[in-house]
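Let me begin by presenting the structure, written as structure tokens, before commenting on it.
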Amino acid sequence: MTLTIPGFDQVRLPGTDGVELAAAVGGSGSGSGSGSPVVLLHGFPQTHLMWRHVAQRLADEHTVICPDLRGYGASDKPAATGPEVYSKRTMAADVVALAAALGHERFALVGHDRGALVAFRAGLDHPETLTHLGILDVVPTLDMWNVLHGVPAAVGYHLFLMAQPPGLPETMIANSADVYFGSFLDAWAGDPAALPEPVRAAYLRACAAAVPSIVADYRASAGIDITHDQADRDAGSQLAMPVTVVQQDWGTHLGYDAAAVWRAWAPDLDHRLTGAGHFMAEEAPDEITGAIRDLLLR
């Protein structure tokens, strides 16, 4: 049985280029059109299921849309015939198309991990569409590579592994998928009880079935995504909407000022540190729900 968010409808909707995305949709406006829309994007190595607690808390006030990103979960997994197929620009366009298919031309967008990088790109590419932007536990791709230095950067070894040319990382990961993906669930969880066995098993099944597309997503972040971020930095582009960032204290660990990194992109910024682990939407759902509610009031 596929786990999903209790009380939410399961739908398949068009993204871009013929790709369909699976999504869980619920809340006060899921049937009537009322309730301002909030789209929640999952991270790695997860699916939309990571939002199960937060989505249900927001559902009394909002239409809540939780898709699986292209290449993940039950969404389509097109072959990476070029770097643009899994660029964050393309994945952001998917999300805008999906929301439009549900009748939402403007919406708030919150992303965690990989989903946060998609959300960041959506904020730069579609400022007229996003009302608010929430980011959980990342810095933008360009900055991410710039702050990874020395031994502390070993925490991000997977970024370097999946950046390698096609073939080797896919083979290595596919040959030990549960061990590989499970290692991140173990290492990054501040509270392992927040990832009960059925949920953990669902994530591992989904990732094992998506190795090529997950690697392609990460490979894009070592290439085309940097190109897009650098072009925006050179142009002085910034996020026009209110932005809330919630993250662990990676700045202290890796030796950089995380708030300053984000302030360069987001003039209207609320930057918060959390004591929760990386999977904060599952470990501290009340805290994350509160941060999203505060963001939507700005």
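The values are calculated or read from the model by the stated rules, or taken from the named source; none is laboratory data. In this text, all values refer to a predicted model and were calculated from it rather than measured experimentally. Cβ coordinates were reconstructed from backbone atoms using ideal geometry, including for glycine residues, and neighbour counts include every protein chain displayed. Remember, those area values only see protein heavy atoms, side chains included, never the ligands or the DNA or RNA. Shrake-Rupley method; radii C 1.70, N 1.55, O 1.52, S 1.80 Å.
Side notes on the structure shown:
- Excluding the site residues themselves, the longest part of the chain lacking any GluC sites (Glu not before Pro) in a DSSP loop with at most 16 other Cβ atoms within 10 Å is 129-298.
- Apportionment of accessible area to carbon and sulfur, the stretch 239-280, percent (1.4 Å): 51 percent
- Relative contact order [Cα under 8 Å, 6+ residues apart], the chain, whole percent: 20 percent
- Shown for the stretch 88-157: the carbon plus sulfur share of the solvent-accessible area, taken with all protein chains present and a 1.4 angstrom probe, equals 62%.
- Gained length - residue 175 relative to residue 154, 0.36 nm times residue gap less alpha-carbon distance: 5.4 nm
- Protein heavy-atom surface of the stretch 178-233, 1.4 angstrom probe: 63% of the accessible area is carbon and sulfur, with nucleic acids and ligands not counted.
- Over the stretch 251-298, the alpha carbon radius of gyration divided by the compact-protein estimate 2.2 N^0.38 Å works out to 1.28.
- The chain - share of DSSP beta bridges that are antiparallel (%, nearest 5): 35 percent
- Accessible-area rank, largest first, for 183, 213, 36: 36, 183, 213, with all protein chains present and a 1.4 angstrom probe.
- For the stretch 87-186: rounded, prolate or oblate by the Cα gyration tensor [a/c cutoff 1.5]: prolate
- Inter-part distance, the stretch 241-298 to the stretch 221-236, computed on C-alpha centroids, equals 22 Å.
- Potential lengthening between residue 191 and residue 20 on full extension [0.36 nm per residue; Cα-Cα distance subtracted]: 58.2 nm
- Dividing the helix sum by the residues of the chain, where each DSSP H run of 4 or more adds -39500 (n - 2.57), gives a mean residue ellipticity at 222 nm of -12000 deg cm²/dmol.
- Using the Cβ-Cβ distance between residue 79 and residue 101 with R0 set to 30 Å, the FRET efficiency works out to roughly 0.80.
- Computed over the stretch 200-298: relative contact order in percent, which uses C-alpha pairs under 8 Å that are six or more apart: 25 percent
- DSSP beta bridge pairing in the stretch 1-144, given as percent antiparallel to the nearest 5: 50 percent
- Values of log10 I(q)/I(0), in the order q = 0.15, 0.27 Å⁻¹, for the stretch 29-92 under a Debye, Cα-only, solvent-free model: -0.55, -1.11
- Prolate/oblate/rounded call for the stretch 1-160, Cα gyration tensor, a/c under 1.5 rounded: prolate
- Per residue, the accessible area of the stretch 126-225 comes to 40 Å² when a 1.4 Å probe rolls over the protein heavy atoms.
- Between the labelled values (1) 31.8; (2) 13.9; (3) 15.3, the entry that holds mean projected area of the Cα convex hull in nm² as derived from this structure is (2).
- Förster-model FRET efficiency, 51 Å R0, residue 260 and residue 3, C-beta, rounded to 0.05: 0.85
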